[in-house]
1. On the basis of being under 15 Å from residue 265 (Cα atoms) and surrounded by 15 or more Cβ atoms within 10 Å (Cβ to Cβ), does residue 235 make the cut?
2. Out of 286, 268, 231, report the one residue that is over 14 Å from the mean Cα position of the chain (by Cα) and at pLDDT 90 or above.
3. Does residue 308 satisfy the condition of being touching a residue at least 40 places away in the same chain (Cβ under 8 Å) and either farther than 14 Å from residue 235 by Cα or in contact with a helix residue (DSSP H, G or I) (Cβ under 9 Å, 6 or more places away or on another chain) (or both)?
4. When you go through 235, 201, 219, 246 one by one, which is the residue that is over 21 Å from residue 301 (Cβ atoms) and touching a residue at least 12 places away in the same chain (Cβ under 8 Å)?
5. I'm trying to understand the selection: among the residues of the range 73-85, which are modelled with pLDDT under 75 and surrounded by 15 or more Cβ atoms within 10 Å (Cβ to Cβ)?
6. Within the range 244-287, track down each residue that is crowded, with 19+ Cβ neighbours inside 10 Å and outside any strand (DSSP E or B).
7. List the helices (runs of 4 or more DSSP H) that sit entirely inside the range 125-221 and contain at least 1 residues that are in contact with a strand residue (DSSP E or B) (Cβ under 9 Å, 6 or more places away or on another chain) and at pLDDT 75 or above.
């Protein structure tokens, strides 16, 4: 994908170069006119000096030539002033463009920081809800079963073993919930087996859960894949699959992840019902916004193509730095 021209480059091509061309053209024309006039002046003087019949008009011709020379010199001064003003205008224009781009960069940086903080807050909110709604309730249920078994044992009832068994089942379920939350925070397979294995496991789980057919093409060099890039690519794919499962009504999904020397490219497409991105109602498309912001946090790019009845395609491109 070819990078777009910056605003500074466009200004340079559309304004500065024509101004420089015009200034150079004026200077060349002025020099040619001056040389031609000097040659004509020398010819006239030679003719007057060599013709004895024109001695009476010699003084008038000299005055006229001096006036003409003064006009030519004044015209050259105007040209020099015009060139100086042009150069000054170019310098002011470049300064304004630099200032404008600097402000745009500052604003973009503030937006990235704001989005990063928002993503952190959302993930912490989801983590807090998972702790409260999942683990906390399971631990409370296990505690209740243990207390019940304790009371039953104190009364000499034999059904305390059933209560202990149910408490054990609840604790096992709680351990599974802890693993699920831990996987949501950071997939353990990324550390244990790398990005490719984690993606294959994610796709297998998705296909088994939804029945959607998946074609995958993965070309990853784990040793050259930075840790932050691996996490971002995994999260984008995870978010995309979640959107497909909830909204796409698709039968087939294609996932391509290709790693080059200095970049990684992730493409996800489905044959679902599609949608019109420009007509999304307010409050919708948060998952798409999260994917875009995740890519931008690492100076990557995110593109979405979709149309009603023609499925959806996502293309994410991420520059790779050398892992430490």
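1. Values: under 15 Å from residue 265 (Cα atoms): yes; surrounded by 15 or more Cβ atoms within 10 Å (Cβ to Cβ): yes.
When the stated conditions are applied, residue 235 passes them.
2. 268
3. Working: touching a residue at least 40 places away in the same chain (Cβ under 8 Å): no; either farther than 14 Å from residue 235 by Cα or in contact with a helix residue (DSSP H, G or I) (Cβ under 9 Å, 6 or more places away or on another chain) (or both): yes.
When the stated conditions are applied, residue 308 does not pass them.
4. Working: 235 fails: over 21 Å from residue 301 (Cβ atoms); 219 fails: over 21 Å from residue 301 (Cβ atoms); 246 fails: touching a residue at least 12 places away in the same chain (Cβ under 8 Å).
Going through 235, 201, 219, 246 in turn, the sole match is 201.
5. Result: 76, 79, 83.
6. Let us first name the residues in the range 244-287 that are crowded, with 19+ Cβ neighbours inside 10 Å, namely 244, 248, 250, 253, 255, 257, 259, 264, 266, 268-270, 272, 274-275.
Those that are crowded, with 19+ Cβ neighbours inside 10 Å and outside any strand (DSSP E or B): 244, 248, 250, 272, 274, 275.
7. Working: elements: 137-154, 160-185, 188-192, 195-210.
Hits in the range 125-221: 195-210.
The values are calculated or read from the model by the stated rules, or taken from the named source; none is laboratory data. Here the structure is a predicted model, which is why all the values come from computation and not from measurement. Because the Cβ atoms are built from the backbone with ideal geometry, glycine has one as well, and the counts that use them run over all protein chains shown.
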